[in-house]
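The values are calculated or read from the model by the stated rules, or taken from the named source; none is laboratory data. Keep in mind that this is a model prediction, so the values were computed, not measured. Cβ sites come from the backbone with ideal geometry, for glycine too, and all protein chains shown count toward neighbours.
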Amino acid sequence: MLDDNIVAALRVRRHYGGHELMTQESAQVQDLEIYVRDLETEDLIKWLAGHFEQVEVSSDTDRAIKGRAVYQGDPVQLSVYRGVMGKRYSSVVLEGATLPWETDLSCARSAYHGLAVEIRCSAGEWKEGDAVEDDKWWRVDARGEQLVVWN
């Protein structure tokens, strides 16, 4: 289990691009985050089940879904936060030592092909002092992949 400081660091980092983080125990934890427009829970679970050995939802409320998955024998934490970034999007966060995708963008591509709805993800790492209005996001949808400013 990750301590509160590590979890807080993951929450800050996940908004800026899905990168690896070293915990106090020196175990690598990768976190990926995508934003799914008009997410249906059943569709999400079906898509994830195609990539993980096991997917289990432990809590499903109006605001969030919590669960676990297994990938190559390693546990993966699943968190979904509904109604973010304009209310029509859900933040899907995957945290684990190994994941089926190496980047937010590769995860977004897979999600688009599996869910057939617009997916967004961070285009890179945000740095202290960067203007939020300059922050670019990948949008993956029927029009293809485009860098956009989220507004």
Handout entry: Contacts under 6 angstrom Cβ, first residue in region 27-47 being among the polar types (S, T, N, Q), partner assigned to a strand (DSSP E or B), 6 or more apart
Key = Q28/E20; Q30/E20
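May I ask you to say which residue of A49, A69, A108, A64 is of a type in the set (G, A, S), modelled with pLDDT of 95 or more, farther than 22 Å from G144 by Cα and surrounded by 15 or more Cβ atoms within 10 Å (Cβ to Cβ)?
Details: A49 fails: surrounded by 15 or more Cβ atoms within 10 Å (Cβ to Cβ); A108 fails: farther than 22 Å from G144 by Cα; A64 fails: surrounded by 15 or more Cβ atoms within 10 Å (Cβ to Cβ).
Unique residue meeting the criteria: A69.
Take S91 and decide whether it is surrounded by 13 or more Cβ atoms within 10 Å (Cβ to Cβ), polar (S, T, N, Q), in contact (Cβ under 8 Å) with a residue 40 or more places away in the chain and under 25 Å from V149 (Cβ atoms).
Working: surrounded by 13 or more Cβ atoms within 10 Å (Cβ to Cβ): yes; polar (S, T, N, Q): yes; in contact (Cβ under 8 Å) with a residue 40 or more places away in the chain: yes; under 25 Å from V149 (Cβ atoms): yes.
The answer is yes for S91.
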Exercise for the section: Answer yes or no as to whether V149 is farther than 18 Å from D31 by Cα, surrounded by fewer than 18 Cβ atoms within 10 Å (Cβ to Cβ) and at pLDDT 95 or above. Expected result: no
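Would a scan of region 75-89 turn up a residue that is among the hydroxyl-bearing types (S, T, Y), within 14 Å of I119 (Cα to Cα), in a strand (DSSP E or B) and out of contact with any helix residue (DSSP H, G or I) (no Cβ under 7 Å at 6 or more places or on another chain)?
To start, the set of residues in region 75-89 that are among the hydroxyl-bearing types (S, T, Y) comprises 79, 81, 89.
Next, from what is left, pick out any that are within 14 Å of I119 (Cα to Cα): 89.
After this cut, where a residue has to be in a strand (DSSP E or B) as well, the list is 89.
Pick out the ones that are also out of contact with any helix residue (DSSP H, G or I) (no Cβ under 7 Å at 6 or more places or on another chain) and you get 89.
Checked against the condition, which is being among the hydroxyl-bearing types (S, T, Y), within 14 Å of I119 (Cα to Cα), in a strand (DSSP E or B) and out of contact with any helix residue (DSSP H, G or I) (no Cβ under 7 Å at 6 or more places or on another chain), region 75-89 yields at least one hit.
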